[in-house]
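A.B. asks: Structure in structure tokens, see below.
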Amino acid sequence: MKQSINILMLGGARRVSMAEQLIRSGQRLGYDVKIISYELMKEVPIAIIGEVIVGLKWSDPEVVSDISHICKEKEINMILPFVDGAIEVAARCKLELPNVFVPVIEPGLAEIMFDKVEAAKVFKEADLAIPRTYSVLNAEMPAIAKPRHGSASRGIKVFNTIEALMHLENLQDYLVQEYIANNREFTVDCYISQEGEILVTVPRLRMEIMGGEVTRTQTLRSERLIAMSRKVLEKFNFRGPVTLQFLEDLDSERFMLMEINPRLGGGVLCSIFAGAPITDYLIREALGMRVSPCDDWISGTLMARYQKEAIFFNNEPVKI
């Protein structure tokens, strides 16, 4: 009889393909992987492959206690956050549950990474290349304003005059930077072992975006981006999966760090299918097994995503 690994996803509602990869990684090692996901409602796509537990909002003061109770009841071996708000929660759960594998950063660093204004300050202090960042007094036009706590490209505004920028309501809640019209966006999927070794860095071009999430992306072996990514990772105490976002200015050939998401990104499946064993790393580290660096992933691997339906009758998922 196979041993089992119970994984609790935090906000894994749509991550069915990721759950499938985790299950396959477990099977390769001779383990049955059970997926459980902590959500605000029961009728979410992950229900077709795992168990859904309806829980609390990430901001609820009882959320860590609630998740800790579930982990003990369900004998959870690993917690994986899939949305920004869940990372801070997972980090606090890690302190409460020393026997559960929770590959996330410490709570304070997570808070900085999801405040664009504070993150830009930290990146600059670490001597990392970022777009020119302005105050209202020294802003050059055109400029782009991003909500400091926003995600998925929501609320971003481009300004061509100082006057228009100064009329932006709650300007203090925005990060203002140079606007680069002729650009390409890159994601780099990374994994850092619990001992702090950088195991893999896979750059990929973001070719099509829908609702802030990539729908078409292709791996690209750029030694320059890989070197920049390693420099970024060496500046901070990251562990587990990390997603870096870079912008390339095609006119000046500059690569600039835009943001760091200390979790699995939505398009990481492209890197996994290219050969980056990220789900294998997660399972192996959860089991206390040895992990080794990987650099033989396949450049040019293209992923094109499509929508698939999850159907529910009487609150239960139906196989289709």
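The values are calculated or read from the model by the stated rules, or taken from the named source; none is laboratory data. The structure displayed is predicted, hence computed values, not measured ones. Please note: Cβ atoms are built from the backbone with ideal geometry, for glycine as well, and neighbour counts cover all protein chains shown. Remember, those area values only see protein heavy atoms, side chains included, never the ligands or the DNA or RNA. Shrake-Rupley method; radii C 1.70, N 1.55, O 1.52, S 1.80 Å.
A.B. asks: First select every other residue whose beta carbon is under 13 angstrom from the beta carbon of VAL54; then total the charges, Lys and Arg +1, Asp and Glu -1. All intermediate terms of the calculation are to be shown ahead of the outcome.
C.D. replies: Working: positive: LYS42, LYS57; negative: GLU39, GLU43, GLU51, ASP60, ASP66.
With Lys, Arg at +1 and Asp, Glu at -1, the neighbours total -3.
A.B. asks: Can I ask one more? Count the net charge of all other residues whose Cβ sits under 15 Å from the Cβ of TYR191, scoring Lys and Arg as +1 and Asp and Glu as -1.
C.D. replies: Local net charge: -2.
A.B. asks: For the range 114-261, taking Cα atoms only, what is the radius of gyration to one decimal and the Dmax to the nearest whole Å?
C.D. replies: Calculated on Cα positions, Rg and Dmax stand at 15.7, 50 Å.
A.B. asks: Considering the options PHE114, VAL52, TYR134, tell which one lies farthest towards the positive end of the dipole of the range 36-157, charges being +1 on Lys and Arg and -1 on Asp and Glu at the Cβ, about the Cα centre.
C.D. replies: TYR134
A.B. asks: Another question, if that's okay. Could you tell me the relative contact order of the chain? Use alpha-carbon pairs under 8 Å, at least six residues apart, and round to a whole percent. Mind showing how you got there, number by number?
C.D. replies: Numbers: 629 pairs, mean separation 51.6, N = 320.
Taking the mean separation of contacting Cα pairs over the length of the chain, I get 16 percent.
A.B. asks: On to the next question. Assign unit charges at the C-beta atoms only (+1 for Lys and Arg, -1 for Asp and Glu), then state the dipole size of the chain relative to its Cα centre in Debye, rounded to the nearest 20. Please report the intermediate quantities before stating the final value.
C.D. replies: Values: 37 positive and 43 negative charges, 144 e Å.
Here the size comes out at about 700 debye.
A.B. asks: Accessible area per residue, 1.4 Å probe, Å², for the range 240-287: what's the number?
C.D. replies: Per-residue accessible area for the range 240-287 comes out at 26 Å².
A.B. asks: In debye, nearest 20, what is the charge dipole magnitude of the range 133-286 about its Cα centre with +1 on Lys and Arg Cβ and -1 on Asp and Glu Cβ, if you could check?
C.D. replies: Working: 17 positive and 20 negative charges, 60 e Å.
Dipole about the Cα centre, nearest 20: 280 debye.
A.B. asks: Please give the charge dipole size of the range 14-115, origin at the Cα centre, charges +1 on K and R Cβ atoms and -1 on D and E Cβ atoms. Round to the nearest 20 debye. Display every interim value, and only then the final one.
C.D. replies: Numbers: 11 positive and 16 negative charges, 93 e Å.
So the dipole magnitude of the range 14-115 works out to roughly 440 debye.
A.B. asks: Considering only protein heavy atoms and a 1.4 Å probe, what is the carbon-and-sulfur percentage of the accessible area of the chain? Could you put the intermediate results ahead of the total?
C.D. replies: Details: 7740 of 15770 Å².
For the chain, the apolar C and S fraction of the accessible surface comes to 49 percent.
A.B. asks: Take the alpha carbon gyration tensor of the chain, find the square roots of its eigenvalues, order them as a ≥ b ≥ c, and report rounded if a/c is under 1.5; if not, report prolate when a/b exceeds b/c, else oblate.
C.D. replies: prolate
A.B. asks: Pick from LYS121, LYS146, LYS42: which is most flexible by mean-square fluctuation in a GNM of the chain where alpha carbon atoms under 10 Å apart are linked?
C.D. replies: Of the options given, LYS121 has the highest mean-square fluctuation.
A.B. asks: Can you tell me, using C-alpha contacts under 8 Å and at least 6 residues apart, the relative contact order of the range 1-117 as a whole percent?
C.D. replies: Working: 191 pairs, mean separation 30.2, N = 117.
Relative contact order comes out at 26 percent.
A.B. asks: Could you work out Rg/(2.2 N^0.38 Å) for the range 25-173, with Rg from alpha carbons only? Can you show the working numbers first?
C.D. replies: Details: Rg = 20.2 Å, N = 149, 2.2 N^0.38 = 14.7 Å.
Cα Rg divided by the expected 2.2 N^0.38 Å: 1.37.
A.B. asks: In addition: Taking the Cα centre of the chain as the origin and placing charges on Cβ (Lys, Arg +1; Asp, Glu -1), which of ASN170, MET210, ALA304 is farthest toward the positive end of the dipole?
C.D. replies: Projecting each Cα onto the dipole axis, the largest value belongs to ALA304.
A.B. asks: Shifting gears a bit: Show that you can apply the helix-only estimate: for the chain, add -39,500 (n - 2.57) for every DSSP H stretch of four or more residues, divide by all residues, and state [θ] at 222 nm to the nearest 500. Walk me through the numbers before you get to the answer.
C.D. replies: Details: 9 runs with 88 residues, N = 320.
-8000 deg cm²/dmol, from helical runs alone.
A.B. asks: Let me ask something else about it. How many angstrom separate the Cα center of the range 1-46 from the Cα center of the range 213-252?
C.D. replies: The range 1-46 and the range 213-252 have Cα centres separated by 27 Å.
A.B. asks: So with the 1.4 Å probe, I'd like the accessible area per residue for the range 1-107, rounded to whole Å². Don't skip to the end; give the middle numbers.
C.D. replies: Values: 4920 Å² over 107 residues.
Normalised by residue count, the accessible surface of the range 1-107 is 46 Å².
A.B. asks: So, one more: So what is the relative contact order of the range 205-320, in percent, for Cα pairs below 8 Å that sit 6 or more residues apart? All intermediate terms of the calculation are to be shown ahead of the outcome.
C.D. replies: Numbers: 130 pairs, mean separation 31.8, N = 116.
RCO, the range 205-320: 27 percent.
A.B. asks: Still on this structure, I have one more. Of LEU282, LEU29, LEU175, which is the most mobile in a GNM of the chain whose springs link Cα atoms less than 10 angstrom apart?
C.D. replies: LEU29
A.B. asks: If the elastic network links every pair of Cα atoms under 10 Å, which of GLY26, GLY240, GLY155 fluctuates the most in the Gaussian network model of the chain?
C.D. replies: Top of the fluctuation ranking is GLY155.
A.B. asks: Put LYS157, LYS308 in order of accessible area, largest first, 1.4 Å probe: what do you get? List each step's numbers first, then the result.
C.D. replies: Details: LYS157 80, LYS308 145 Å².
The ranking, largest first, comes out as LYS308, LYS157.
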